[in-house]
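Single-structure report; data block below.
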Amino acid sequence: MVDLSHWDEVDSFEDAKDDGAVGIIHKATESNNYFDPTHNQRKKDAIAAGLLWGAYHFLRPGNMKDQAQYFVSKVGKNLDLYAADHEDEGVSLDDLKTFLREVKRLTGKSPIIYSGHVLKEQLGERHDSELSQYRLWLAQYTSGTPSWPKATFPQWWLWQYTEHGECDGIPGDSEGNLDLNKYSGTKQQLIDEWCEEVSPKPAPRTKKRGPRRTKRRGPRAKAKKAKRQS
């Protein structure tokens, strides 16, 4: 999986798919006033090439509901994958939760959380029951085993393991850098999990109670009762 922004050059999404890319997550918005000018055309081109598509919002300090609404207004409510890019230390965990809740409310889908050291430092070793409901897109550049807040996220869903990747058809930025990501399952599993809708809560079942029936005692039951009383 490759993640991109306007800083990256793209020559051919078809070549990227032939080289093994399954999906693209592209920057769409930042704060409440920036929209990536390359997003819309690349979305059309990537989908035409048969790639999965997702979009991310770069969170900045400010009104989180406004940012969520701005993000959704630009990418639409029928996107398969929404992501919150949590890299700014001025954005608190409460801010992050507010953004996630609002995107979820607007779209009916759970965004994924992209973060690295900021999330690790803010969460530490404690468990956050609300954040644990979301999938983690971990950012840590290492060839070894990454670390993440396991008390909240037992496993990462995607792992951005390098910024010096190579993929046919996508040269990367002006210095040749390209972010690549790993998924721990199979290609088909990634395709199946790419779009995760929020299941609506089922309405509580209520049992209709009819009139209570009184059991009639027959002669045999009456005889037994009389025998016990004698």
task: Would you be able to say whether some residue in the stretch 15-26 is in a helix (DSSP H, G or I), among the acidic types (Asp, Glu) and open to solvent by 30 Å² or more (accessible area, probe 1.4 Å)?
output: yes
task: For residue 71, state whether it is outside any loop (DSSP other than H, G, I, E, B) and open to solvent by less than 10 Å² (accessible area, probe 1.4 Å).
output: yes
statement: Checking 40, 33 in turn, the sole residue that is more than 19 Å from residue 8 (Cα to Cα), open to solvent by 50 Å² or more (accessible area, probe 1.4 Å), of a type in the set (S, T, N, Q) and more than 17 Å from the chain's Cα centre (by Cα) turns out to be 33
message: Can you tell me how many residues within the stretch 122-139 are over 17 Å from residue 92 (Cβ atoms) and either crowded, with 18+ Cβ neighbours inside 10 Å or charged (D, E, K, R) (or both)?
response: 6
query: Given the conditions (1) more than 21 Å from residue 60 (Cβ to Cβ); (2) open to solvent by less than 20 Å² (accessible area, probe 1.4 Å); (3) assigned to a helix (DSSP H, G or I); (4) not β-branched (Val, Ile, Thr), and given that residue 119 satisfies all but one, which numbered condition is not satisfied?
result: (1)
query: Within the stretch 174-191, which residues are more than 23 Å from residue 135 (Cβ to Cβ) and open to solvent by less than 50 Å² (accessible area, probe 1.4 Å)?
result: 176, 177
query: If you take the residues of the stretch 117-132 that are of a type in the set (S, T, N, Q) and under 18 Å from the mean Cα position of the chain (by Cα), which of them is farthest from residue 85 (Cα to Cα)?
result: 129
query: Would a scan of the stretch 42-58 turn up a residue that is β-branched (Val, Ile, Thr) and outside any helix (DSSP H, G or I)?
result: no
- prompt: In the stretch 112-122, is there at least one residue being free of Cβ contacts under 8 Å to residues at least 40 places away in the same chain, of a type in the set (Lys, Arg) and either touching a helix residue (DSSP H, G or I) at 6+ places or on another chain (Cβ under 9 Å) or more than 26 Å from residue 67 (Cα to Cα) (or both)?
  reply: no
message: For the stretch 160-170, check the following and say yes or no: at least one residue is in contact with a Ser or Thr (Cβ under 9 Å, 6 or more places away or on another chain) and of a type in the set (S, T, N, Q).
response: yes
task: Scan the stretch 151-178 for residues that are part of a loop (DSSP other than H, G, I, E, B) and farther than 23 Å from residue 81 by Cα and report the count.
output: 9
field: Long-range neighbours under 9 Å by Cβ, at least six apart or interchain, first residue at positive phi within the stretch 30-41, second assigned to a loop (DSSP other than H, G, I, E, B) and among the basic types (Lys, Arg)
entry: 31/60
query: Do we have residue 79 as among the aliphatic types (A, V, I, L, M) and either assigned to a helix (DSSP H, G or I) or farther than 25 Å from residue 179 by Cα (or both) here?
result: no
statement: For residue 66, the lone unmet condition from (1) open to solvent by 50 Å² or more (accessible area, probe 1.4 Å); (2) of a type outside the set (A, V, I, L, M, F, W, C); (3) over 30 Å from residue 18 (Cβ atoms); (4) in contact with a Leu (Cβ under 9 Å, 6 or more places away or on another chain) is (4)
message: For the stretch 87-115, give me each residue that is in a loop (DSSP other than H, G, I, E, B), within 27 Å of residue 4 (Cβ to Cβ) and open to solvent by 10 Å² or more (accessible area, probe 1.4 Å).
response: 87, 88, 89, 90, 108, 110
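The values are calculated or read from the model by the stated rules, or taken from the named source; none is laboratory data. Worth saying up front: this structure is predicted, and the values here are computed from it rather than measured. When we count neighbours, we look across all protein chains shown, and the Cβ atoms used for this are built from the backbone with ideal geometry, even at glycine. The protein model used for the area step is the full one, side chains on, heavy atoms only, and it has no ligands, DNA or RNA in it. Shrake-Rupley method; radii C 1.70, N 1.55, O 1.52, S 1.80 Å.
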